[in-house]
1. Does E130 fit the bill of being closer than 24 Å to R67 by Cα, modelled with pLDDT under 75 and among the charged types (D, E, K, R)?
2. Filter the helices (runs of 4 or more DSSP H) completely within the range 1-96 down to those with at least 1 residues that are closer than 26 Å to R205 by Cβ, in contact with a helix residue (DSSP H, G or I) (Cβ under 8 Å, 6 or more places away or on another chain) and at pLDDT below 90.
3. Kindly evaluate R66 against the criterion of being outside the structural domain of R205 (by TED's automatic domain parsing) and on the phi > 0 side of the Ramachandran plot.
4. When the residues of the range 9-64 are filtered to those that are closer than 19 Å to F92 by Cα and of a type in the set (K, R), which remaining residue is surrounded by the most Cβ atoms within 10 Å (Cβ to Cβ)?
5. When you go through (1) at pLDDT 75 or above; (2) surrounded by fewer than 20 Cβ atoms within 10 Å (Cβ to Cβ); (3) among the small types (G, A, S); (4) not assigned by TED's automatic domain parsing to the domain that holds A29 one by one for S149, which number turns out not to apply?
6. So, V47, is that one farther than 20 Å from R124 by Cα and touching a Leu at 6+ places or on another chain (Cβ under 6 Å) or not?
7. Within the range 99-124, which residues are assigned to a helix (DSSP H, G or I) and either at pLDDT below 85 or of a type in the set (D, E) (or both)?
8. With the requirement that a residue be β-branched (V, I, T) and closer than 22 Å to V116 by Cα, what does the range 50-83 give you?
Amino acid sequence: MTGTGSTPVTLLIADDDEVTRSGLRTLLAAQPGLAVVGEAADGVEAVEEARRLRPDVVLMDVRMPRRNGIEATRHLLAGSAEPPKVVVITTFENDDHVTAALSAGASGFVLKRLPVRQIAEAVRVVAAGEAILFPTTLRRMVAPRPLNSAEALPRAALTGREEEVLRLMATGLSNPEIAESLTVSLETVKTHVGNVLTKLGAQNRTHAVVIAYESGLVVPGFAG
């Protein structure tokens with residue numbers, strides 16, 4: 001789903017600050033291709049409302065009462081047959097909770113200070129099945145550390161071409177862009193991406209990139 005046709009992308013906004021939540025709803029509802037179907041004031045309510053309303057995307061604040069955005073994301077994605085995509089929204093680029101939220105299955109993150117059109121575009125892109133990655137910011141957030149024996153296992157299972165695809169994923173390239181870069185078909189790239197996700201035990205491509213940086217499979221400065 002892209003929200004560019006007759007059917008808009010449906011969106012649930014979860015944020016504990018009423019002013020922020022109301023402002024986001026008003027601004028995003030005015031964006032083309034989006035329909036805000038509900039709000040939630042904390043993580044528990046976010047999961048309940050998402051399961052009731054079945055939106056395409058949940059815009060999830062990280063720091064909320066009762067259940068934070070990380071746990072809410074984990075509960076939502078684990079307990080639904082067809083869960084929505086989750087976009088984490090936060091104030092600070094170096095919010096340590098964002099990496100944990102991405103590892104919990106969120107498809108990406110955006111900053112609250114971004115222009116509303118960019119937040120809206122992030123929602124549309126995630127709804128269409130892509131991930132929102134900001135590699136420079138992500139590299140600052142994820143502290144590289146030496147591989148230990150457990151973390152080396154996923155790397156040993158990846159083929160050379162799969163590692164190459166993972167590095168290109170870490171630069172934020174889409175599947176068509178990776179196909180063009182490697183001069184292979186889009187279906188071949190999709191197969192490689194699927195293999196990477198399976199071998200790394202990643203929930204989505206964003207999670208795979210987080211694993212790659214945290215384990216040392218991708219070294220900051222190499223893929224950017």
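1. No, not satisfied.
2. Filter on the range 1-96 gives 69-78.
3. In short, yes.
4. Here the residue is R21.
5. Going through the list (1) at pLDDT 75 or above; (2) surrounded by fewer than 20 Cβ atoms within 10 Å (Cβ to Cβ); (3) among the small types (G, A, S); (4) not assigned by TED's automatic domain parsing to the domain that holds A29, S149 breaks only (1).
6. For V47, the condition - farther than 20 Å from R124 by Cα and touching a Leu at 6+ places or on another chain (Cβ under 6 Å) - is met.
7. If the condition is that a residue be assigned to a helix (DSSP H, G or I) and either at pLDDT below 85 or of a type in the set (D, E) (or both), then T99, A100, A101, L102, S103, E121 are the ones that fit.
8. Scanning the range 50-83 gives V57, V58, V62.
The values are calculated or read from the model by the stated rules, or taken from the named source; none is laboratory data. Just so we're clear, the structure is a prediction, and the values are computed from it rather than from any experiment. Every residue, glycine as well, gets a Cβ built from its backbone with ideal geometry; the counts of neighbours run over all protein chains shown.
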